[in-house]
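One structure below.
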Amino acid sequence: MAGLEQADDNVFHDPVQGRAPLILGGHDFRSITEAVAEPLESKTPLGWWLFFLPSLALLAMFGVSIGWLFWEGIGIWGVTNPIGWGFAIVNFVFWVGIGHAGTLISAILFLLRQKWRTSINRAAEAMTLFAVMCALVFPGIHVGRVWVAYWMMPVPNQMSMWPNFRSPLMWDVFAVSIYGTVSLLFWYVGLVPDLATIRDRAKAKIPRLVYGMFALGWRGSQRHWLHYERAYLLLAGLATPLVLSVHSVVSMDFAVSQLPGWHTTIFPPYFVAGAIFSGFAMVITLMVICRKAFGMERIITMRHLENMAKIILLTGMMVGYAYAIEFFVAWYSGNPYEQFAFVNRVFGPYAWAYWIMVSCNVFIPQVFWFKKARTSIPVLFVISIFVNIGMWFERFVIVASSLHRDFLPGSWDYYVPTRWDVMTLVGSFGLFFTMFCLFVRFLPMVAIAEVKTVLPAADPHDGEQRVVLAGAPGRDHQGALAT
Amino acid sequence: MRNPLSFLVPELPEGREHYGALGRFADARSLYRACERVRDAGYTKWDAHTPFPVHGLERAMGLRSSPLPFVVLATGLGGAATGMLLQWWVHTQAYPLNFSGKPTFSWPAFVPVTFELGVLGAALGAVFGMFALNKLPMLHHPLFTSERFERASDDGLFISIESWDPKFDAQGTTAFLSEIGALEVELIAAS
């Protein structure tokens, strides 16, 4: 979109008028509908194929790697004693972590009345869903005998055995699959009014029919909105403890074990902070591309990106704090095994991975202290990639460096992934990006109805004379009093 | 035989010429005022249609608050109870095993799964309860016959008054909608 100057952007807080508008460029209801629906209705742009076809190729590679794994067995991977958990678990935790930003944006920021979330929540929720899909693949395929993967579920089987519900791995099965289900429900509920918008705009019969089916006959009735808004609020309230519980449970897969380097009480909050950190980085990576590609700079504004950069800075420091506390506790515990595990982590054979992790997660995001960096697209993009890499290495460090030197020096080993490990990891990005490409092509990537509610014109008391309370400059027009 | 998919279309009273009257309003503010007027005029079978939820409009329309929280409470507690019962049954009835001499019903270890299933039950209750209260899916509706009504999902703000409202009459109600500020008014055929 031409004519987008920095001065035109809304990153600046105006202390007299209250908050700057969230949506720029004189958008009204119709122009928002147009801006979001346009990409779905126009001919498929060449650029989309340039993203989609490579993603599809990577997805095919994912299929081949998994197919070969099923045929040949876990032996094609680099896992061996004592490193029984390799890339599969690293990738699982990595993808689940990415999948946390969407629900954080849609649920927690909703409860905190952070209205800037409306421009990015749809795409972030979609991203969450696809990340959870990628994550769920790994526990499914890593079990070795995949044809009995249903033993993870409490269903009757031929041995009359039942799963052990005291195991965090069992909690994980429930936490992640329920998280995926609830995220899907949340996302779909948000989509229904927007699908109705696309249905009403569709000219051709088939899109009208398909979007119409999924819109369920939504007709914008205020009597419906009443229940709808209540359902949305309740879902947000339910998803908030859920999202915090999911990565806590994932962390207990490690923390409940007896292994030095894993057996720490800081793991649940540390994992949750890291998950939000990595998720927001992925949202920035995707949004920087999407807003440019679809000309949505005035809906997904610099202010949105800057806010996300601030969250990355905050959670990055929380992660850094957790790294430091782990060392403190290792020293303070007086446990030689614990101390050895951490010294070995920093100076041992996996020191290279540890320092990649610390550099990407703790040092590099400090650039976001500077406003110039938070509002620069190239800087945002590059740092978001660094954070993604750093967070993958965090999980690699936790898994590999803790396992490779256990209590018995005779069994020490060095874990090296095979090409199949790498192909599976890269292939999972194929699944993720294929799904995301399909999403931006066929579904509205911005929550149309929700963005409309943050326009001043959506307020039934807009334009009425109002009293701005002295000393409360941050009030927006919902907070201001009508006289 | 009754069509099993008949729930997808609304059941309307027989023998009506019109579904009702539809008026379009300029902005959220005039819609809000108009809703107050319709409410105060004593209409009961009517609705507002907006592309986004207009805050406070339920008060202007005189709607009661949603009973959904009770549904969600019930399904949430049901989910949690199912979770705890399942684990109790597995560990004490179906497959009791001795883990380090711990009691077979070691409930603190069962809290995470109980919590997760409680959230699942509540979320399913919130979503499907909301659709049930809204009688959705309903793939056809007489309002969809109006071309103008397509704007209800774009930028159009509407009030519809149904013909079986005791106060409805085709002439008077359309005149009333114009009087309270509707820019365009039309009668919707019953179909």
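Seen against the Cα atoms of chain A and their longest principal axis, helix A:302-333 is set at about 30 degrees.
Only alpha carbons enter this Debye calculation for segment A:213-366, each as an equal point scatterer, and the log10 of I(q)/I(0) it gives at q = 0.14 Å⁻¹ is -0.89.
If exposed GluC sites (Glu not before Pro) are those in a DSSP loop with at most 14 other Cβ within 10 Å, what is the longest stretch of chain A that has none? In chain A, the maximal stretch lacking such sites is A:6-463. Taking label points 7 Å from Cα along the Cα-to-Cβ direction, B:Leu139 and A:Asp28 give a separation of 3.5 nm. Of the residues A:Val454, A:Leu226, A:Val288, the one whose Cα sits farthest toward the positive end of the charge dipole of chain A, with +1 on the Cβ of Lys and Arg and -1 on the Cβ of Asp and Glu, is A:Leu226. Taking other C-beta atoms within 10 Å as the exposure proxy, A:Trp392, A:Trp218 rank A:Trp392, A:Trp218 from fewest upward.
In a fully extended conformation the segment linking A:Ile74 and A:Val256 would gain 63.0 nm over its present Cα-Cα distance, using 0.36 nm per residue. Diagonalising the gyration tensor over the Cα atoms of chain A and scaling each eigenvalue by 5 before taking the square root yields semi-axes of 41, 27, 21 Å, largest first.
On the basis of the beta-carbon distance and an R0 of 45 Å, B:Arg37 and A:Ala324 show a calculated FRET efficiency of 0.10.
Spatially, segment B:54-85 and segment A:132-152 are offset by 35 Å when compared through their Cα centroids. Helix B:111-133 and the longest principal axis of the Cα set of chain B meet at an angle near 20°.
Excluding same-chain residues fewer than 8 positions from A:Lys310, which aspartates and glutamates have a Cα within less than 18 Å of its Cα? By straight Cα distance, A:Lys310 reaches A:Asp9.
If you take all C-alpha pairs in segment B:1-85, what percent of them are over 19 Å apart? Every Cα pair in segment B:1-85 considered, those over 19 Å come to 63 percent. Note: relative contact order over segment A:225-367, using C-alpha pairs below 8 Å and six or more positions apart, is 21 percent. Can you list the aspartates and glutamates whose alpha carbon is less than 12 Å from that of A:Lys115, not counting same-chain residues fewer than 8 positions off? Of all the aspartates and glutamates, those that pass the test against A:Lys115 - Cα under 12 Å, at least 8 places apart if same chain - are A:Glu450, A:Asp476.
Think of segment B:142-191 as having a plus end and a minus end, set by charges on the Cβ of Lys, Arg, Asp and Glu; of B:Val185, B:Gln171, B:Ser153, B:Gln171 sits farthest toward the positive end of this dipole. Can you tell me which lysines have their Cα less than 20 Å from the Cα of B:Lys45? Leave out same-chain residues fewer than eight positions away. In chain and number order, the partners are B:Lys135, B:Lys167. Averaged across the residues of A:168-175, what count of C-beta atoms belonging to other chains lies within 10 Å of each residue's C-beta? Partner-chain Cβ atoms within 10 Å, mean over residues of A:168-175: 4.
With θ taken as phi - 60° and the Karplus curve 6.51 cos²θ - 1.76 cosθ + 1.60 applied, the whole-hertz 3J(HN,Hα) list for segment A:425-436 is 4, 5, x, 5, 5, x, 4, 4, 6, 4, 4, 5 Hz, x standing for glycine and proline.
For an R0 of 56 angstrom, estimate the FRET efficiency from the Cβ-Cβ distance between B:Glu17 and A:Ser42 and round to the nearest 0.05. Once the sixth-power term is evaluated, E becomes 0.85.
In this structure the amide hydrogen of B:Ala189, modeled in the peptide plane, comes within under 5 Å of the amide hydrogens of B:Tyr19, none closer than 5 places in sequence on its chain.
Rounded to the nearest 20, the size of the Cβ-charge dipole of segment A:286-348 about its Cα centre is 420 debye, with Lys and Arg at +1 and Asp and Glu at -1. When +1 charges are put on Lys and Arg Cβ atoms and -1 charges on Asp and Glu Cβ atoms, the dipole computed for segment A:213-359 relative to its Cα centre reaches about 720 debye.
Scanning chain B for GluC sites (Glu not before Pro) in DSSP loops with at most 16 other Cβ atoms within 10 Å, what's the longest stretch left with none? That would be B:18-146.
Divide the volume of the convex hull around the Cα atoms of segment B:93-174 by the residue count and you get 212 Å³ per residue. Restricting segment B:1-102 to trypsin sites (Lys or Arg not before Pro) that sit in a DSSP loop and have at most 11 other Cβ atoms within 10 Å of their own Cβ leaves B:Arg2, B:Arg64. The coefficient of translational diffusion for segment A:165-223, derived via Stokes-Einstein from the alpha carbon Kirkwood radius under 10 °C and 1.306 mPa s, stands at 117 µm²/s. Using Cβ point charges alone (K and R +1, D and E -1), the dipole size of the protein assembly as shown about the Cα centre works out to roughly 340 debye.
With axes computed from alpha carbons, what is the tilt in degrees of helix B:170-179 against the longest principal axis of chain B, rounded to the nearest 10 within 0 to 90? Roughly 90 degrees, rounded to the nearest 10. Counting Cβ atoms of other protein chains within 10 Å of each Cβ in A:428-441 and taking the mean gives 0. Legend: mean number of C-beta atoms from other chains within 10 angstrom of residue C-beta atoms, peptide B:149-160, equals 6.
What share of Cα pairs, in percent, lie more than 18 angstrom apart in segment A:234-291? Cα-Cα pairs in segment A:234-291 separated by more than 18 Å: 49 percent. Once Rh is set to the Kirkwood radius over Cα pairs, what Stokes-Einstein translational diffusion coefficient, in µm²/s, holds for segment A:388-470 at a temperature of 37 °C and a viscosity of 0.692 mPa s? Calculated translational D: 175 µm²/s. The region of chain A that goes longest without hitting one of the trypsin sites (Lys or Arg not before Pro) in a DSSP loop, each with at most 11 other Cβ atoms within 10 Å, is A:204-483. Translational diffusion of segment B:1-42, estimated by Stokes-Einstein from the Kirkwood radius over alpha carbon pairs at 37 °C in a medium of 0.692 mPa s, is 239 µm² per second. What's log10 of I(q)/I(0) for chain B at q = 0.11, 0.16 Å⁻¹, Debye sum over Cα points only, no solvent? Normalising to I(0) and taking log10 leaves -0.65, -1.03. Relative contact order for chain A: what is it in percent, counting Cα pairs under 8 Å that are at least 6 residues apart? This gives 31 percent for chain A.
No lab work stands behind these numbers, since they all come straight from the coordinates. Since the structure is predicted, the reported quantities are computational estimates derived from the model, not experimental observations. Glycine also receives a Cβ, built like all others from the backbone with ideal geometry; neighbour counts cover every protein chain displayed.
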